[in-house]
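Asker: Got a structure for you, written out below as structure tokens; questions coming shortly.
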Amino acid sequence: MSSPSTTVRLETGYATAFAALCLGAVAMGISPIFVRFASADVGPFASAFWRVALSLPILYAWMRIEVAKAPAGAPRSSFSKASVLAGLAFTGDLFFWHLSILSTTVANATFFATMAPLFVILIVWLVLKQRIARGTVVGLGLCLLGGAALIGQSLQVDPGRIRGDLYGVATAFFFGLYFIAVGRARETVGAAQVTFEAGVVTSAALLVIAVLFDTRVVPQTLEGIMALTAMAFISHAGGQGLLSIALGRLPPVFSSLVIFLEAVAAAVFGWLILNEALTLVQSLGGALILIGIWAARPKT
């Protein structure tokens, strides 16, 4: 049996990780605002590239601090298979997310992207052969209902947009794979190293994609540069970095529910900054998401 002091340390660790998860979700949830401000300067794939590339210096500095503080005998491996997979998975996530936005409605793209936790559960259960707690399944169900309420009023059923909807499903798959890969990478190295190494892989792949598919790659205005820099520092270095911290303590299945918090944060920021309407049904959907996350929380 665990001693009282050990239990307190475990509970404190989970609380800190959960706080990092929530803050990371908020940081990632504001990224569409920055994309909106940068859209006059660069194409969608270029904005995804700059989001990651501009964050690399700050992530590298964080990694050097992390390495300096590590114990003398700590592992020093670089670019593990899990870190590389995380970078490729995040590339797929951003690539298909932008294709989905271009091929269907934003509401449809967002709705199908929220399927990521479902793919995490399926991969963990069917491929990794791990047991899924009942509370996690209940929490996922509540979050899915909340997500549908949050954006369901804008959903459109149109056979002509089926390709864009499928791109949204692909987005969810790659984002789910990203959670699992980061969780595996965090078993051996620190959060800063995982986030930096995955970012190097992602930015290299996105640069090729941006050059091939976008006509506007380099920002030309101060507003565009500021928007891309803010997205890099806040949404990527901050959001993905905090997510990596959380995945060092929390299981990927639970942590994947962060995508629903992103939807809540995006709706709130759209209301506060862009004066977009926030209805009662959407507010109730956001509350249902919070209840679902609480129901799925890990039991210490």
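What follows is calculated from the coordinates using simple rules that are stated; it is not laboratory data. The shown structure was predicted, so the numbers you read here are calculated from the model rather than taken from an experiment. Here the Cβ is made from the backbone with ideal geometry for all residues, glycine too, and neighbour counts use every protein chain on show.
Asker: Mind listing P(r) for the chain? All alpha-carbon pairs, 20 Å bins, whole percents.
Answerer: For the chain, the pair-distance distribution reads 34, 59, 7, 0.
Asker: Still on this structure, I have one more. Taking the Cα-to-Cβ direction at THR188 and at ARG64 and moving 7 Å from each Cα, how far apart do the two end points lie in nm?
Answerer: Placing both labels 7 Å along Cα→Cβ, they lie 2.5 nm apart.
Asker: Give the distance, in whole Å, between the Cα centre of segment 163-209 and the Cα centre of segment 34-99.
Answerer: If we compute the Cα centre of each part, the gap is 8 Å.
Asker: If each residue of separation counts as 0.36 nm, what is the full-extension length gain between THR279 and ALA72 once their alpha-carbon separation is subtracted?
Answerer: On the way: separation 207, 0.36 × 207 = 74.52 nm, distance 5.45 nm.
Answer, rounded to one decimal: 69.1 nm.
Asker: Next question, about the same structure. What ³J(HN,Hα) values, in whole Hz, does the Karplus curve 6.51 cos²θ - 1.76 cosθ + 1.60 give for segment 245-254 when θ = phi - 60°, with x put for Gly and Pro?
Answerer: For segment 245-254, the Karplus curve yields 4, 5, 6, x, 10, 9, x, x, 4, 5 Hz.
Asker: Of the listed peptides 131-140, 163-172, 31-40, what is their order by residue-averaged count of other C-beta atoms within 10 Å, with the highest listed first?
Answerer: Going by the mean number of other Cβ atoms within 10 Å, highest first, we get 163-172, 31-40, 131-140.
Asker: Using the Cα centre as the reference, give the magnitude of the dipole from point charges on the C-beta atoms of the chain (Lys, Arg: +1; Asp, Glu: -1; all else neutral), rounded to the nearest 20 debye.
Answerer: On the way: 18 positive and 12 negative charges, 187 e Å.
The calculated dipole for the chain is roughly 900 debye.
Asker: Relative to the present Cα-Cα distance, how much length would full extension add between PHE213 and LEU128 at 0.36 nm per residue of separation?
Answerer: 27.0 nm
Asker: For the chain, what are the DSSP H helices with axial Cα length of 24 Å or more and mean Kyte-Doolittle hydropathy of at least -0.5?
Answerer: Those that pass (Cα extent of 24 Å or more, hydropathy at least -0.5) are 4-29, 81-103, 134-151, 162-185, 191-213.
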